[in-house]
Amino acid sequence: LEKRQLVLQNRFYQQNLESRVRDLDRRNRQSLVNGVQTLVHALEAKDAYTSGHSMRVSRYAAATAVRLGFTGERLEEVRLGAELHDIGKIGTREAVLNKPGPLTEEEFRHIIEHTALGEKILAPLARESPTVLRIVRHHHERMDGGGFPDGLIGEQIAIEARIVCVVDAFDAMTTNRAYRDSRTPEAAFEELDRCTGSHFDPEVVQAFKAAFPNPAVLPLLV
């Protein structure tokens with residue numbers, strides 16, 4: 001009986017400890033996310049051209065993911081990954097980010113490093129949110145393999161990253177940038193259609209357009 005009681009006590013302590021560790025992990029994860037979100041907003045505050053970009057991309061991505069059947073935690077990972085997708089630009093030189101003309105080869109190599117740097121910054125989320133890391137690293141991959149940083153092709157690219165690729169491009173096209181004026185939402189949709197299959201996932205493009213059938217309400221206000 002004493003041995004049985006000891007076994008039960010040990011089991012209780014083990015389960016209680018595991019529960020407390022899980023709670024601590026969740027709190028640590030949320031603290032990290034909160035800190036990174038603050039960095040994202042600080043990054044956008046430095047650049048009038050990208051103000052609100054992360055939140056619009058997050059809303060576009062979530063609405064598109066719903067159209068593709070995402071729910072629950074999977075949907076939340078898309079929303080969060082989309083919000084944090086450009087965090088690596090915290091390490092990009094402002095002169096490059098805001099350059100009004102074409103980038104040199106060295107400048108282009110510098111700016112594409114933001115995907116891998118973003119993944120590195122968010123590495124503590126690896127165990128809990130690997131999808132978020134895939135979005136951050138692979139949202140510039142292309143269906144034909146011409147993207148970066150890994151040159152993935154087609155379904156080698158996680159569907160969540162393919163979603164963010166489409167909506168990120170749309171938001172970039174429909175907002176003013178240092179190097180060009182914005183396009184109308186209708187023109188941006190036409191460009192998505194033109195690059196479907198080579199650059200963008202056709203199913204994702206259709207889901208995005210279905211989620212926002214009225215271009216007159218775009219781009220979204222945040």
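The values are calculated or read from the model by the stated rules, or taken from the named source; none is laboratory data. Everything quoted here is computed from the prediction, not taken from an experiment. For neighbour counting, all protein chains shown are included, and Cβ atoms are generated from backbone atoms with ideal geometry for every residue, glycine included. Protein only, heavy atoms only, side chains kept; ligands, DNA and RNA dropped before computing areas. Shrake-Rupley method; radii C 1.70, N 1.55, O 1.52, S 1.80 Å.
Using a ≥ b ≥ c from the Cα gyration tensor of the stretch 49-205 (square roots of the eigenvalues), is it rounded, prolate or oblate, where a/c under 1.5 gives rounded and otherwise the larger of a/b and b/c decides, a/b for prolate? Rounded.
Each Lys or Arg adds one and each Asp or Glu subtracts one; over the other residues with Cβ under 10 Å from the Cβ of Arg67, this totals 0. Near Leu221: Cβ cut-off under 13 Å, other residues only, Lys/Arg at +1 and Asp/Glu at -1. The net charge is +1.
Annotation for Val217 and Glu105: the two label points, set 7 Å from Cα along the Cα-Cβ direction, are 4.7 nm apart.
Percent of accessible area on the stretch 57-204 owned by carbon and sulfur, 1.4 Å probe?
Values: 3440 of 6670 Å².
Heavy-atom surface of the stretch 57-204 belonging to carbon and sulfur, 1.4 Å probe: 52 percent.
Look at the dipole of the stretch 79-177 built from charges on Cβ: of Met143, Val132, Val167, the Cα furthest out on the positive end belongs to Val132.
Rounded, prolate or oblate: which one fits the stretch 87-155, using the alpha carbon gyration tensor with axes a ≥ b ≥ c (rounded when a/c is under 1.5, else prolate when a/b beats b/c, else oblate)? Provide the component values of the computation, followed by the final result.
On the way: a/c = 3.11, a/b = 1.35, b/c = 2.30.
Because a/c hits 1.5 or more and a/b fails to exceed b/c, the stretch 87-155 counts as oblate.
Each Lys or Arg adds one and each Asp or Glu takes one away; over the other residues whose Cβ falls under 11 Å from the Cβ of Cys165, this sums to -2.
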